[in-house]
1. Run the dipole for chain B about the Cα centre, Lys and Arg Cβ at +1, Asp and Glu Cβ at -1, nothing else charged, and hand back the magnitude in debye, nearest 20.
2. With a 1.4 Å probe and every protein chain left in place, tell me how much accessible area A:ASP86 has, in Å² to the nearest 10.
3. With the full set of protein chains in place, find how many percent of the accessible area of chain B is carbon and sulfur; take the probe as 1.4 Å.
4. Between the range B:288-356 and the range B:604-639, how many Å separate their Cα centres?
5. Set the Förster distance to 35 Å, then compute FRET efficiency between B:GLU307 and A:GLU273 from the Cβ-Cβ distance, nearest 0.05.
6. Take every DSSP beta bridge with both residues inside chain A and express the antiparallel ones as a percent of the total, to the nearest 5.
7. If you rank A:ARG252, B:ARG362, A:ARG434 by how much accessible surface each has, with a 1.4 Å probe, what is the order from largest down?
8. Let me know the mean shielding of B:163-171 by other chains, meaning the per-residue number of their Cβ atoms within 10 Å of its Cβ.
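The values are calculated or read from the model by the stated rules, or taken from the named source; none is laboratory data. These figures come from a predicted structure and were not determined experimentally. Cβ placement follows ideal geometry from the backbone for every residue including glycine, while neighbour counts extend to all protein chains displayed. Ligands, DNA and RNA are stripped out before the accessible areas are found, and what is left, the full protein with its side chains, is counted by its heavy atoms. Shrake-Rupley method; radii C 1.70, N 1.55, O 1.52, S 1.80 Å.
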Amino acid sequence: MTPIFGRHLARRTFLRGAGATLALPFLDAMRPAFAAAKGAAGRAPVRLSFVYVPNGIIMPDWKPAEEGSAYTFTRILKPLEPFREDLLVLSGLAHNNANDLGDGPGDHARAAACFLTGVHPKKTAGADIRNGVSADQIVAEALASQTRLPSMELGCEESRTVGNCDSGYSCAYTNSISWRAATTPMPPETNPRLAFERLFGDTDNADPATRARRARERTSILDVVADRSRELMGRLGASDRRKLDEYQYAVREIERQIQQAEKDPRQVVPPIEKPAGIPETFAEYLRRMYELQVVAFQADLTRVATLMVGREGSLQSYPEIGVPDPHHPLTHHQNNPEWVEKVTRINVHHLELFAHFVSRLKATKDGDGTLLDHSMVVYGSAIADGNKHTHEALPVLLAGRGGGAIKSGRHVAYTKQIPLTNLYLTLLDRMGVRPETIGDSTGRIEHLADI
Amino acid sequence: MRPSPRCATLFLPLLLAGGTLDADSSAPAGDADSAAAPFIARNCRMCHNAVLKNAGLDFDAHPLPASLAASPEIWEKVVEKLQTRQMPPPPMPRPDPVQTDAVVRWIQTELESVEATRPPDPGRVTARRLNRTEYDNTVRDLLGVTLRPGDSFPHDDAGYGFDNIGDVLSVSPVLLEKYLKAAEQVSRAALLGPDPQKPSLTRLQPMGAKIEPSTTVPAEYDETGLSLPNALHVLHRFPVDAEYLFRIVPSGSRPSGSEPVKVAVFLDGEQIQVVEVDPGEGPSSSSFQQDLTGKTREFRARVTAGEHWVAASVLRLYEGLPALYGGPNPSRLPMPAPPPFRPPENATPEKLAEARQRYEARLAQKWPVNEAKVRHIELIGPYEAAAGASPESLRKVYACGHLDGAHGRECPRLILTDLARRAYRRPVTEADLRPLLRLAETSRKRGESFAQGIALALRAILVSPDFLFRIETGPAVAAGEGVQKIGPYELASRLSYFLWASMPDEELFRSAEDGTLPDPTVLAAQVRRMLKDPRARALVEAFGGQWLQFRALESVSPDRDRFPTFENNLRFSMRRESELFLESVIREDRSILDLLDGKYSFLNERLAQHYGIPGVKGQEFRRVDLAGTPRGGVLTQGSVLTVSSYSTRTSPVLRGKWVLDNLLAAPPPDPPAGVPRLDESTVGVGRSLRQQMEAHRSNVTCAACHVRMDPLGFGLENFDAIGAWRTEDAKFPIDATGALPDGRTFNGPMELEAVLRQDRDAFTRAATEKLLTYALGRGLERHDRATVKAIARRVAEGDYRFSVLVMEIAQSLPFRMRKGDGGPS
């Protein structure tokens, strides 16, 4: 795509002045939000983040040889070595429901669909898609009343496709990891500018009077259309009703967000410059998206985020690191050493950028610690070996200490193939959200908080 | 279904032992009725029986003729597999083709008569949300506002190859938020003018082609510079009508003593400014060359809102050079004094002579003459934006006629009735109006202006489900029963969104209001009118761009090392060619078969240069006769050839699949799991790409599908991954021969197209299926089969003209009727 840079001249001068004064007053402004968090008054809330990488990983260069706390960082994990103490490397987790189970080809679609849901998605390229609710959305729903935005979905690959997606599976499966309901994917926002605007609004005058008027007007408008849609529902057939139901849900959700924003009257000054669009290089693009997550967490605008580094089956090429070939075909390397090397380079590149994210979280003060202390960031994929499309012994990392709930700094190798959803159940528990099951989960996972 | 070698290996010993499986050609060919069941028993049951159940198919459970009515979908698949000779798979003995065809014909006839006994089923379309394109176009036609808020909506999910499929389009809270914001922007722009924007800077720096430095001046070259790699081409959407500051930033060097370089800037092909850059001004790093880098020039120009093709090029690149280069109009500037000879200190006479020699050589050396280029453009603005609502918007909004703002008491009702009627695409009731009037009233009570009150009501209209969705309601009927006629207003919307991707216009509304639209004569007249309207361009962009997939050109990125000449001018020109070509078929009402092999196209200099076609000069597109060239039809256009390749090489499989999917409506089944990957490192090294693909044919499992796909792609192998003609790939000569499973062979693209033309009926059915899917906004089902066949037949009778296809679709059962959906429960 055509690289376009932009600088909002006026905004820059405004921010340069404001930037220096952000640290202290900013924190004070955050107090009211913390007061509503679970746990002791004033204690920083726990944030949950999921980062998904597509097409699998070269596992021999990922999995450390040793277990415990004195493991050696492998080539792919090396960029995270400075954060050993904040990291858990988890081996032996699996997503059985991403296997074909009789449905034939389509591992990429199943992998993405299954990653946060633990559900075997329905094989269809048409309108009757069916998956499950994803872990991030379960939390988002539970915490909805506490932050302005229930969750944030980001991605670094445009989800538009012309043609098929994966062997008879709809593009909805490969393009999202977040699912609000079994039939409703939450496609990621791929434009940093629009993601920024969602967090901070897009009017230059964010003064309370204008915001209040806008909120009042929107509420009146939503009342009118909500009434109308209720009336319409009564006259529609089944399939049309389903469409209108989505619309009604959206109306209710926006109304809720307006009310939520009224309870949180902080004038949040964005601590970063507004991105103009999609940056020129992939590295800058991904860094920009990570930064948006950091500021969203920092300002407590949301506590749940997902990021797709690429859609499953991604064809992204990485000429900047000497890999001009499309990603997906490379991962079917048939053990050709040159291609394996190229895929490893991509894996390392992704991890270097993830390390940037971790370091920003660690450098950001949050209450009585850092954002990293209070976060749980899962990095991984639902495909381990991209060549053979395996869905067990998955590559999974957990960065952050979850507010003290996680004992980091180790490589934990589970001996049986434990469902990855068990990890999610455990993480959700730390956030005070306790569903019975998530997808194929069989219980909580061990060894997260103890040796 | 894919063939399993397991079955073949079971029976191979039998075959080798001269077993009892022989193709029995003794059954009388005419007695197909009794021949079908034994045929199946002889040729199919050995693998597809209750025990083996290959691919889940068991003919024991589906005896003829009863299962034809019970499970027609199985028999359709049987027909497909037999016709394409995929079944029985090698090494099973092939039955006599005459017999096979007779059986196929019998099955097809029986299936047709089964279908004929079923009541006609027009299917149902789910409530269709406006997609991005439709939203933008509708807002433009409703309010005269040319902002395109759809650009910031999430991409629409596609289904069946198109992004306007009702079942697939959904509404999420994020999207509704964007609709709310868009409604605010649009209604403000319509009533009060676009929001003032602070000027900001945008840098346009696309990846350019590589320039090979050269010291010689060519005899002939493009003096406008637009088709040279030194130019910069970019598509940019200007937010509002306003003045913009263009800052041109060149780079590269000229030999010392050259005259200033002229850079021309073009907007949509028209030159809007020329700036001069003097490489001699200011310091340069070498005495022999003068540097252009960073010597920016600026000017202001007024640009209208919308997407524009911005280009900047070096005019007359090879003029103004020092005389010693022998170029036209050499520089009249004095050559700068050569740097003095600085002999090395304490040099021996030999060393001195050597140094002197080097110095003389350096003086006589020639420097690259073709490096001056445009590096990037900075656009700063908008300045002096047109303020206030446009006259067109005011006319569209103020139905009461008081454009000057002197409104009477009845005006709110008049205005909102008209706006709602057009926005909801149907007559408006008191129940529709009441909340809108109330909103406007509340705004007035708060002291806001008349325009603000109307704007608030308009915002509600623009996020109402009546606007965002095309919902077709009808009288309550029992579930799955009954067929209803589409009402006149709903028909008007179907027509306008089909042909214009936008709302109906006043004439369509009138014919809906007086109830005449459903009349076939009136309908036909409207279709003809609509096809001539400029808004029919949407068919080219939205339908064509997705069917032929040239929309995907936006995101292809051919490998820079292998294809150093690929840049934006070529990218945009490829797309333009395909758009103009499809448009010519539509506007001139040509035969759709021209899409297969029409011997003409639309080229500009850059594209003609790329195709190796001489005599086309200039950036503008013009019709070119392709007689005598190996090109013609969409298959040989750069757009199709590029989107069906990888970034580093061609793929006969991708291209074959493209043809099967888009031109023959015979998509291959998905590949089985665990397909071994092509060894990319040895492509073109030990063996050619084609030779390596022989693995497809030698492996029985692969062959069944690849015998259909690969030959089609091989026929196009003379075109590389960006559509340029070649006779060699690495060091291997191109072998563009192909053989289809039915025995037909061809050599090269023209013969391939001739073969496809023989399959004109399959192509016509494919084109019908695609356009019908797009027109209806739903995938096609079995019950649509009869409709497709009937339309295709009538198109053939109508000389395959495009207007016949459109007319037949507009008059067809699924377009005019709807199946009852069970109504409210």
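1. On the way: 103 positive and 106 negative charges, 237 e Å.
With only Lys, Arg, Asp and Glu charged at Cβ, the dipole is about 1140 debye.
2. It works out to around 10 Å².
3. Numbers: 18160 of 34360 Å².
Ligands and nucleic acids excluded, carbon and sulfur reach 53 percent.
4. Taking the Cα centre of the range B:604-639 as reference, the centre of the range B:288-356 is 34 Å away.
5. On the way: r = 26 Å, r/R0 = 0.74.
So the FRET efficiency works out to roughly 0.85.
6. Values: 15 of 37 bridges.
Taking every DSSP beta bridge within chain A, about 40 percent pair in antiparallel fashion.
7. Working: A:ARG252 135, B:ARG362 110, A:ARG434 160 Å².
Listed by decreasing accessible area, they come as A:ARG434, A:ARG252, B:ARG362.
8. Values: counts 3, 0, 2, 4, 7, 7, 3, 12, 10.
So the per-residue partner count for this stretch is 5.
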